[in-house]
Every structure is written in structure tokens, then in C-alpha cells.
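Step one of this worksheet: look at the structure below.
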Amino acid sequence: MLLNLQKELELLQTNNQEQNYKLQNIFHNFSITNNQLKGLYIQIPNPQNLLNKVRPEIFNYFLEFVDLKSYLSFGLVSRRAYQTIIRMMPNRIAQIQQILMRRKQKLQYLMEQNSENDLFQDLLQRKQNAEQSLDILTKRDINEMKKMSHPPVIVEKVMAMVCILFISQFKDENLNWASCLKIIENIQFIQQLKCLDIENINDKQLKVLQNVHSISEQQVQRVSQACLSFYFFIRAVVEIRESKVYKVKSQKDLLEKQIKKDQMALLYLQKMNG
């Protein structure tokens, strides 16, 4: 046992020597670097004042590419930076005004090109009808589906699409009846389904949901009347998501948000500029 303790002590001493050697190297390298920096400071007097020689216009070339928050934050760096921000403020205001004008023009163009509004209203009505169809489903209808250990293929396909709406990052193993049952068992799931925000459906989800086009109303009706209500809902959601009007509407909504943000930024900068 004493022999083992002696070996461990020798090992610790060896490790300590290695650590001390590494520390000495670090301090030595740090000392060399520090001396080099001191040499640079001697060669270049007052290096921290070099930025004062840069014209505000040069700073502005870089500031044009940053967002408003970063732009204003730059003014907090130093007095010189603040003076640069104030001096170049008219340029920033003009830049935002140009962006705002282009976005308003694009929004106007989208509104003028929206010639399928009647079709979109029809799609929304179909979705509303499908929601009403879900409302009349009874607890017995849902329980009947829950009891299916091996449901018909059509029922499993339709209900898998329903469940996908609740799983944004789904995997292939989520597309089975066992996974669906976990969602269906939630007594609030129909209400949650009706509150679905179509904008939150990502491309991966939509690609799977589009399989609803390969299923006919008659196929579903033959096997389950309850499943038919979910089929109508999925089909309505997919048709809305695929419609040209919906895509235009999404672009319009985004532009309106950007315009509002630009207007607030413009008002803020104009107040700062006096």
C-alpha cells in the first residue's frame, strides 16, 4: 500500500511540474505580446484618437447597412460617434423615406392586382361550414373513432393530417394511428383545431396535407361520417393555403407591418433631428 501511495505522489509531482511549465510558457508569451503592444503604442501616439480623423460620411457608408437600433446604439459609443449620428441623421431619414415609398407602391400594386377576392371569400365560407360540421360531432362520434384499434386506411390518413396540424416539426413516425389517438383524446382538440392559424402551417406540413386531394368525399363517407367532418376541414384549409389570394394577402400583411414600423422609425428620427 505504501508503494502505491509513493507512486501516486510521484505522479502528482510530475503533473505539477508539467502544469508549472505550461504556466511559465503562458506568462512568457503574454510578456512578449505585451512588450510588442507597448512598442506599437510608442510608434503610434494616441492610437485611440485615430477614429477622430475619419469623416462622418465614411462612417455613414457602414451605418446605412445596419438596423435602426444598431444605428442609434453607435451614438452611445462616444461623443464623436454621437456627433456623427446627429450630423448624418438627414441621410438616414431620406433612406427610410425611400424604403417607405417603395413599400407603399408595392402594397398598392398588390391591392390593384387582387382580382380573386370573391373566390377567396368562397374558400373562407367553406372553412366556416367545415367548422360547423365539427361542432355537431358528438362525444359518441369521437369515442367511436378512439375505439378503432385498426381503423380503415382512409380514416387513418385523414386523421393523420389532422394531427399534423398540431405538430409543426413532425417526423414520419408521427404519421400513425397511435400518435393520432394521443391528440384525439384531448377533449379540447376540436376547439384548438378551429382556432388554427393558417399562417402557422409550414411548407413541410402543407406538403403532407396536400395528399387530401387524392382522397374523395365519397371514399371517406363510406367508412366514417365523423371522419368526413375532419376531411372537409382539412380540404378547406389546404385550398385556402394554396390559393393565390392567400399568398397575396400574406405579402400585404407583411408589407403593412413593415410600413407601420418604418413610419414609427421616421417619426422618431424626425423628432431627434428637430
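The values are calculated or read from the model by the stated rules, or taken from the named source; none is laboratory data. As the structure is a prediction and not an experimental result, all values here were calculated from the model. Note that each Cβ is placed from the backbone with ideal geometry, even for glycine, and that neighbours are counted across all protein chains shown.
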> Just one of the numbered conditions (1) modelled with pLDDT under 80; (2) assigned to a helix (DSSP H, G or I); (3) of a type in the set (Val, Ile, Thr) is not true of Val77; which one?
Replying inline: (2)
> Can you name the residue in segment 183-200 that is within 17 Å of Gln128 (Cβ to Cβ) and of a type in the set (Val, Ile, Thr) and, of all such residues, is modelled with the highest pLDDT?
Replying inline: Ile190
> Of (1) touching a Leu at 6+ places or on another chain (Cβ under 6 Å); (2) surrounded by 17 or more Cβ atoms within 10 Å (Cβ to Cβ), Gln221 satisfies all except one. Which?
Replying inline: (2)
>> Looking at segment 183-216 only, could you name the residues that are under 21 Å from Thr138 (Cβ atoms) and not hydrophobic (A, V, I, L, M, F, W, C)?
In response: Glu185, Asn186, Gln188, Gln191, Gln192, Lys194
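So that you can scan it fast, the table gives a plain yes or no per residue for (1) under 26 Å from the mean Cα position of the chain (by Cα); (2) at pLDDT below 85:
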position: Lys207; (1), (2): yes, no
position: Gln210; (1), (2): yes, no
position: Ser214; (1), (2): no, no
position: Lys271; (1), (2): no, yes
position: Gly274; (1), (2): no, yes
> What pairs can you find where one residue is in segment 147-172 and within 13 Å of Ser224 (Cβ to Cβ), the other is among the polar types (S, T, N, Q) and outside any helix (DSSP H, G or I), and their Cβ atoms are less than 9 Å apart, with a gap of 6+ or different chains?
Replying inline: Met148/Ser224; Pro151/Ser224; Pro152/Ser224; Ile154/Ser224; Val155/Ser224; Glu156/Asn176; Val158/Ser224
>> Can you say whether Asn91 is at pLDDT 85 or above and assigned to a helix (DSSP H, G or I), as far as the supplied structure shows?
In response: no
> Right, Lys127: under 28 Å from the mean Cα position of the chain (by Cα) and crowded, with 17+ Cβ neighbours inside 10 Å or not?
Replying inline: yes
>> Just the residues that are in a helix (DSSP H, G or I), of a type outside the set (Lys, Arg) and surrounded by 15 or more Cβ atoms within 10 Å (Cβ to Cβ), please, taken from segment 142-159.
In response: Ile142, Met145, Ile154, Val155, Glu156, Val158, Met159
> Is one or more of the residues making up segment 163-179 more than 30 Å from Lys104 (Cβ to Cβ), surrounded by fewer than 18 Cβ atoms within 10 Å (Cβ to Cβ) and either modelled with pLDDT of 85 or more or assigned by TED's automatic domain parsing to the domain that holds Gln108 (or both)?
Replying inline: no
>> Need pairs with beta-carbon distance below 8 Å; first residue in contact (Cβ under 8 Å) with a residue 24 or more places away in the chain and within segment 70-99, second part of a helix (DSSP H, G or I) and of a type in the set (Gly, Ala, Ser); sequence gap 6+ or separate chains.
In response: Ile96/Ala265
> What is the residue count in segment 160-203 for residues that are over 19 Å from the mean Cα position of the chain (by Cα) and in a loop (DSSP other than H, G, I, E, B)?
Replying inline: 8
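Take Leu100 and decide whether it is in a helix (DSSP H, G or I) and either at pLDDT below 85 or within 30 Å of Gln191 (Cβ to Cβ) (or both). Before you say what the answer is, go through the steps one by one.
On the way: in a helix (DSSP H, G or I): yes; either at pLDDT below 85 or within 30 Å of Gln191 (Cβ to Cβ) (or both): no.
So Leu100 fails the test.
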>> Kindly evaluate Asn186 against the criterion of being out of contact with any helix residue (DSSP H, G or I) (no Cβ under 8 Å at 6 or more places or on another chain), outside the structural domain of Leu100 (by TED's automatic domain parsing) and exposed (fewer than 15 other Cβ atoms within 10 Å of the Cβ).
In response: no
